[in-house]
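Okay, so here's the structure we're looking at.
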Amino acid sequence: MEQVLTMFGDPAWTWLALGLVLLILELATGTLFLLGPGAAALLVAAAAALFGMSTTTQLVVFAVVAVALTVAGRSKAVRDALQGPGDRPLLNRKAEQLVGRRVVASEPFEGGEGAVRLNDTRYLARLADGRTDAVAEGAALEIRAVEGVTLVVSPPQ
């Protein structure tokens with residue numbers, strides 16, 4: 001094992017190379033399993049460079065730190081997954097984010113259907129509850145739901 005650790009001369013360089021390879025593989029896979037060993041190898045590289053540890057000590061420190069970081073990282077990832085979306089539950093639900101927003105009729109509604117403008121985008125829209133009221137162009141409306149690509153709107157309350 002001594003020959004492997006002195007492959008690049010100083011064992012710190014070998015640990016550094018191993019750590020970088022493991023972190024690059026982690027970036028490629030995204031599993032979080034290689035993050036702990038990669039970070040542990042970098043820590044052992046720093047410790048070996050600063051304190052000149054023996055081969056046995058380097059291997060023990062690497063094993064203990066790698067296992068501890070892997071267990072801690074996986075535990076946090078599982079805990080975060082079980083907690084749910086956190087303080088931004090609609091982050092990746094664009095349609096649901098629109099509900100409650102105010103829009104302006106960009107054309108008159110006929111038979112309960114027309115178009116509205118939200119920011120710089122024109123959306124097809126229909127009145128909520130099957131209403132067929134006439135809505136004038138420029139009238140303020142509020143989004144109640146999103147059905148496919150059509151906004152369901154009603155006058156603001």
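The values are calculated or read from the model by the stated rules, or taken from the named source; none is laboratory data. These figures come from a predicted structure and were not determined experimentally. In this analysis, Cβ positions are derived from the backbone assuming ideal geometry, glycine residues included, and neighbour counts consider all displayed protein chains. Side chains are part of the model used for accessible areas, which takes the heavy atoms of the whole protein and leaves out ligands, DNA and RNA. Shrake-Rupley method; radii C 1.70, N 1.55, O 1.52, S 1.80 Å.
Of the options Leu127, Gly73, Ser154, report the single residue whose Cα projects farthest towards the positive end of the charge dipole of the chain (beta-carbon charges: Lys, Arg +1; Asp, Glu -1).
It is Gly73, whose Cα lies furthest towards the positive end.
Note down the nm distance, to one decimal, between modelled labels 7 Å out along Cα→Cβ at Ser154 and at Arg122.
2.7 nm
Starting from the Cα-Cα distance between Thr56 and Arg131, subtract it from 0.36 nm times their residue separation and give me the gain in nm to one decimal. Walk me through the numbers on the way to the answer.
Values: separation 75, 0.36 × 75 = 27.00 nm, distance 7.87 nm.
Separation in residues times 0.36 nm, less the Cα-Cα distance, equals 19.1 nm.
Around Val135, which amide H atoms from residues at least 5 apart in sequence, or from another chain, sit under 5 Å from its own amide H, with H modelled in the peptide plane?
Phe109
Only helical DSSP H runs with n ≥ 4 go in: add -39500 (n - 2.57) per run for the chain, normalise by residue count and round the 222 nm mean residue ellipticity to 500 deg cm²/dmol. If you can, show how the numbers build up before the last one.
On the way: 5 runs with 74 residues, N = 157.
After summing the helix terms and dividing by the residues of the chain, the value is -15500 deg cm²/dmol.
Express in % the proportion of alpha carbon pairs of the chain at distances exceeding 26 Å.
Numbers: 6856 of 12246 pairs.
Pairs farther apart than 26 Å: 56 percent.
If I model a spin label as a point 7 Å beyond the Cα along the Cα-Cβ vector, how far apart are those points for Ala46 and Asp87 in nm?
Between Ala46 and Asp87, the label points sit 2.9 nm apart.
Taking the solvent-accessible surface of protein heavy atoms with a 1.4 Å probe, what is the per residue accessible area of the chain in Å²?
On the way: 9950 Å² over 157 residues.
That works out to 63 Å² per residue.
Dipole size in debye (nearest 20) for the stretch 39-157 around its Cα centre, Lys and Arg Cβ +1, Asp and Glu Cβ -1?
Values: 13 positive and 12 negative charges, 127 e Å.
Dipole of the stretch 39-157, to the nearest 20 debye: 620 debye.
Specify the angular offset, from 0 to 90 degrees and rounded to the nearest 10, of the alpha carbon long axis of helix 35-51 from the longest principal axis of the alpha carbons in the chain.
40 degrees
For labels at Glu110 and Val78 in the simple 7 Å Cα→Cβ model, what's the distance in nm?
Label at Glu110, label at Val78, 6.2 nm between them.
Ignoring any ligand, DNA or RNA, what whole percent of the accessible area of the chain comes from carbon and sulfur when the probe is 1.4 angstrom?
On the way: 6230 of 9950 Å².
Here it works out to 63 percent.
List the residues whose amide H sits under 5 Å from the amide H of Val146, counting only those 5 or more places along or on another chain, with H placed 1.01 Å from N in the peptide plane.
HN-HN under 5 Å from Val146: Val152.
Which angle between 0 and 90 degrees, to the nearest 10, do you get for helix 11-29 versus the longest principal axis of the chain when only C-alpha atoms count?
Relative to the chain, helix 11-29 is tipped by roughly 20 degrees.
Given R₀ = 35 Å, what would the calculated FRET efficiency be for Ala95 paired with Thr31, taking r from the Cβ atoms and rounding to 0.05?
Values: r = 31 Å, r/R0 = 0.89.
Given R0 = 35 Å and the Cβ-Cβ separation, E is 0.65.
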